[in-house]
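The values are calculated or read from the model by the stated rules, or taken from the named source; none is laboratory data. For clarity, every value in this text was computed on a predicted model and none was experimentally measured. Every residue, glycine among them, receives a Cβ derived from its backbone with ideal geometry; neighbour counts consider all protein chains shown.
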Amino acid sequence: MQIQTTEIDPDSLSTHKNVKIQEKEFDTPAKALQVGKLRGSEDVSPLARGVVEIYKRANAVALRNSRDGWTGLADGLKSQAKSAEDDEVVIPFIGYRDTATLTKENAREIAKLQTNYGDLLTVPLMKPLVDGADNGDGRTEPEVASIIENTENYLEAVDELKIQKPVMGVLPPISEDCTKALIDLYMDHGLRAYCIDFSRRSPMAKSQLDNVMNPMLQTLTEYNIREDSLTYAVNANDSRPVSDGRRTADSMYAYTIGIDIVGDNHISPNWPEEVFEEMGGGEVKLRLFDGETVSVVDVPVSNLQSFLPDEAEIDVDRVKGRISADPDEQYRFEKIINTELISLYLDSEGGVDPDEIFVDLLTGNFTQESDIERVRNLVEEIKGE
């Protein structure tokens, strides 16, 4: 994997990087498309293509069965990967949904599956262990110790299999000590790609900045490899209420705190039942990114056509028809449409320069001063200003 930083925002941590993985190439900042969410003839603007995610859950039993010849996991990844274009970088995530130790045999199975269907392998996501840990737990606490052990088993499996594809480490949102322990492990294995699993938390939450972003970026800076590394965000909360029915565009903030690629969210929202009941009445609204105001807004499906920019290629009639038949389709279309809208903001007409993202947030009407202050504080700590 070759990474070249070509532009750096002096006022934030946004950067423009050119990344090559074998014969495939893309530029950052970027928004990854969860390509498995596309159905049939559905498509998005070419600007939203380039980096795609595929995702599958697995527990210890499923991995053992896969080793014994069951093809459920392989078929699921294969069908998603087939929706990717030939020149797209495919990033396969496996959600290890088990608190049992990831055995070396099962770790090898994950690595094999990812190698068969992806270009950039990823350390497994471990939601049950992350959920079981308390905020601030260090490396000696049981859940954190298990996360580190599972990660070691996975990286050793990749080495034993002599896999030549690059690997991306994962950092859960638990504690500074957990982050440092995992970063040290990734450094020992020569990794240069790092994924923050926000586990449905906001990238701008102080605990996330203190526990994950700051120690990760400090370490990369100390090793003088920050400009030669790739950073990724997965399972990040996408917005928070601000005013006038608008919400913060947390994907944009992610770029300003050093994230190169914003991926998708693979964790269902943990909303109270009454919230779902309220959402069940009236016209379906899609929660969408608005590039004009750099905010997020709820858009009634009937207003979708007038809301979308001319460059958007999603079929509005299909969106309306599918949601009319099944209101739950709104969540799938929110993922697809937001990827397109964010990509259009980043890439249309030559794309935004790294410093433009922070300026747009700074001058926007739906920005929280506390978020701007946190970006500035992080910049001061990382750049030593």
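Points to keep in mind about this one:
- Some residue of the stretch 79-97 being more than 22 Å from residue 19 (Cα to Cα), assigned to a loop (DSSP other than H, G, I, E, B) and touching a residue at least 24 places away in the same chain (Cβ under 8 Å): yes
- Hey, residue 163 in a loop (DSSP other than H, G, I, E, B) and of a type in the set (A, V, I, L, M) or not: yes
- The single condition among (1) surrounded by 23 or more Cβ atoms within 10 Å (Cβ to Cβ); (2) of a type in the set (Ser, Thr, Tyr); (3) at pLDDT below 95 that residue 256 does not satisfy is (3).
- Positions within the stretch 299-309 being loosely packed, with under 14 Cβ neighbours inside 10 Å and not in a helix (DSSP H, G or I), in sequence order: 300
- Residue check: residue 99 meets all listed conditions (1) closer than 30 Å to residue 46 by Cα; (2) hydroxyl-bearing (Ser, Thr, Tyr); (3) surrounded by fewer than 22 Cβ atoms within 10 Å (Cβ to Cβ) but one, namely (1).
- Residue selected from the stretch 55-78 under the condition free of Cβ contacts under 8 Å to residues at least 24 places away in the same chain and assigned to a helix (DSSP H, G or I), by the criterion nearest to residue 232 (Cα to Cα): 76
- Some residue of the stretch 337-349 being in a loop (DSSP other than H, G, I, E, B) and under 30 Å from residue 13 (Cα atoms): no
- Those residues of the stretch 355-377 which are within 19 Å of residue 246 (Cβ to Cβ), assigned to a helix (DSSP H, G or I) and not hydrophobic (A, V, I, L, M, F, W, C), in sequence order: 360, 363, 369, 370, 371
- Restricting the stretch 206-238 to residues that are part of a loop (DSSP other than H, G, I, E, B) and touching a residue at least 24 places away in the same chain (Cβ under 8 Å) leaves a set whose member that is surrounded by the most Cβ atoms within 10 Å (Cβ to Cβ) is 236.
- Out of 314, 337, sole residue that is among the β-branched types (Val, Ile, Thr), under 24 Å from residue 83 (Cβ atoms) and modelled with pLDDT under 95: 314
- The set of residues in the stretch 1-20 being assigned to a strand (DSSP E or B), crowded, with 18+ Cβ neighbours inside 10 Å and hydroxyl-bearing (Ser, Thr, Tyr) consists of 15 alone.
- Selection status of residue 72, among the small types (Gly, Ala, Ser) and under 30 Å from residue 330 (Cβ atoms): yes
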